[in-house]
Amino acid sequence: MASDTSNASDTNENIQHQLKILRRSLRVQVPFTSGLHAVKGDDLVVYYEVPGEKRPFRIDLANATEEELVELTAACQKATFGVGGKDVFDESYRKAGKMDVNNFTLRFDVASLLKTISPEILQGRNADDSQFLRAEMYKLNVYGPGSFFKAHQDTPRSEEMIASLVVVFPTAHEGGELKLEHGGKRCLFDSADMLAEAPQLPALAYVAFYSDVTHSVETVLTGYRVTLTYNLYLCDRKASPEDDGSVRYMPAHEQNFEEALYALLEDPDFLPKGGLLSFGLAHQYPFPAPPDRLPQMLHLLKGSDAIIHTVAEKIGLTTQLKVFYEGGVEYWSREEETLSHHIFADDVLNVEHINESYDMCLWEELEKLGEQIQHTDGGQGVDVQTVTGIDERNRVRSNYTAYGNEAEVGHVYGDAGLVVRIPAIGEGVRAYEEEEDDEGDVEAEDDAQSDGGNGSDDGEVIDNQET
Ligand SMILES: O=C(O)CCC(=O)C(=O)O
Ligand SMILES: [Fe+2]
């Protein structure tokens, strides 16, 4: 699927080495964070409504008896799950009890736990990023013996919903492990085990994972597994009274990524005429509504995707989300042009107005939207060096009406990926490479590379202040 963009630089050993480092430093990301969280004595007391009863019931989930847990289970509704925008009840898929947030209350305040998980969930973002995490309590779930929840992804409640948080109460149980799967990697969150071995009680076990992580709850064998779920949203820091101005520590893999990127920029064989460094996205994203969908998605990047954007920006390089359209598909392949039409488009292709089967129309629309990729067989276009392949994780579909002997709907598919724009040698952050300065118009940018500053704003004076 990824663009096949072999060029002269493919033979250069240094370039291959640095590309390998870029790949490796993006791969180490684990898409979840978990642990134990100590709480105070009565933090885990829950008051809940029981249908037909005037007064709320009380249960202390730090010291609950079996009888109390049976009562809590009885007060729950049978849990449903979302399929195609509808809530469905199917006990072969999800067997558990749930309680909506307006039917119970508890003292536990998630704020301190949010502080613990935020650095993990917001990793890859700028230290002075204007965003923080906000948690919205979603449901209380009760899994008695025989309960489970099969593999699913959580329904995003908005474009800003980035992750889910599950908090497990210290009620005795066996089984009920949460299985997590992302990008072919699997792991197990065994809260029963963690809580049984907690050095200090009362404590909660917690796990937070990005919204595109597939997860399932294994069958509970004995006892009761009680959980609280929260939706985690990205919010604008300006709206937060809790801004503590903390500075983010840059982990080693992110530093490696930055160093490899610098090494590539310094290599005279690396995209000498400039071009694009392309990356597949490691996470799935909801596409905001049109127009200008892609630029809006840039602030939603998470994990290793966010690292690419943050580091490139720090160096003074532009990152863009693009939709990669591969030519040569049946709708527009013309004999003389097969397979040479690959485009990085600036937005999702809109072809609703196209109502004829002559394939070139689609192609013309695509050309208006983006940059054609240079191919080994020559022709015009931009040089692209692929770091990681763009896959179908963020596939977008555009429909148009195709007329054959009957009108039918045709589809064009594109896949979103990230590109970092590399200037030609002698330009932008690579201005230091210029040997014969014939025009003298690159001087203002001479220092941009060496201080890692953002030399992107024309004419801006860069302070040499170290922080
Ligand atoms: O209770 C749990 O451990 C997970 C619940 C869950 O995945 C959900 O409510 O979507
Ligand atoms: Fe879930």
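The values are calculated or read from the model by the stated rules, or taken from the named source; none is laboratory data. On a predicted model such as this, the values are computed, not experimentally measured, just so you know. Positions of Cβ are backbone-derived with ideal geometry, glycine not excepted, and every protein chain shown enters the neighbour counts.
Quick rundown of the values:
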| item | result |
| --- | --- |
| Flag for R134 being in a strand (DSSP E or B), exposed (fewer than 15 other Cβ atoms within 10 Å of the Cβ), outside the structural domain of V311 (by TED's automatic domain parsing) and away from ligand 1 (no atom under 12 Å from the Cβ) | no |
| Selection count where residues are modelled with pLDDT of 50 or more, touching a Phe, Trp or Tyr at 6+ places or on another chain (Cβ under 8 Å) and closer than 18 Å to G316 by Cα, scope region 406-448 | 4 |
| Residue satisfying all of: in region 149-162; within 11 Å of ligand 2 (Cβ to nearest atom) and part of a strand (DSSP E or B); nearest to Y285 (Cα to Cα) among these | H152 |
| The lone exception for L195 - which of (1) more than 10 Å from ligand 1 (Cβ to nearest atom); (2) in contact with a helix residue (DSSP H, G or I) (Cβ under 7 Å, 6 or more places away or on another chain); (3) not basic (K, R) it fails | (2) |
| Failed condition for E159, given (1) within 16 Å of ligand 1 (Cβ to nearest atom); (2) surrounded by 15 or more Cβ atoms within 10 Å (Cβ to Cβ) | (1) |
| Residues that are in a strand (DSSP E or B), within 25 Å of the chain's Cα centre (by Cα) and of a type in the set (V, I, T), drawn from region 23-72 | T33 |
| Residue check for G378: of a type outside the set (F, W, Y), farther than 30 Å from H283 by Cα and either modelled with pLDDT of 50 or more or not assigned by TED's automatic domain parsing to the domain that holds L317 (or both) | yes |
| Of all residues making up region 104-129, the number that are under 16 Å from L232 (Cα atoms) and among the polar types (S, T, N, Q) | 4 |
| Residue ranges of strands (runs of 3 or more DSSP E) in region 198-246 with at least 2 members touching a Cys at 6+ places or on another chain (Cβ under 7 Å), surrounded by 21 or more Cβ atoms within 10 Å (Cβ to Cβ) and modelled with pLDDT of 95 or more | none |
| Residue in region 173-193 that is nearest to L228 (Cα to Cα), counting only those that are of a type outside the set (G, A, S), more than 15 Å from ligand 2 (Cβ to nearest atom) and assigned to a strand (DSSP E or B) | H173 |
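Okay, residues lined up against (1) more than 14 Å from ligand 1 (Cβ to nearest atom); (2) more than 29 Å from A151 (Cα to Cα); (3) crowded, with 17+ Cβ neighbours inside 10 Å:
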residue: G41; (1), (2), (3): yes, yes, no
residue: V46; (1), (2), (3): yes, no, yes
residue: E49; (1), (2), (3): yes, yes, yes
residue: A79; (1), (2), (3): no, no, yes
residue: G85; (1), (2), (3): yes, no, no
residue: A96; (1), (2), (3): no, no, yes
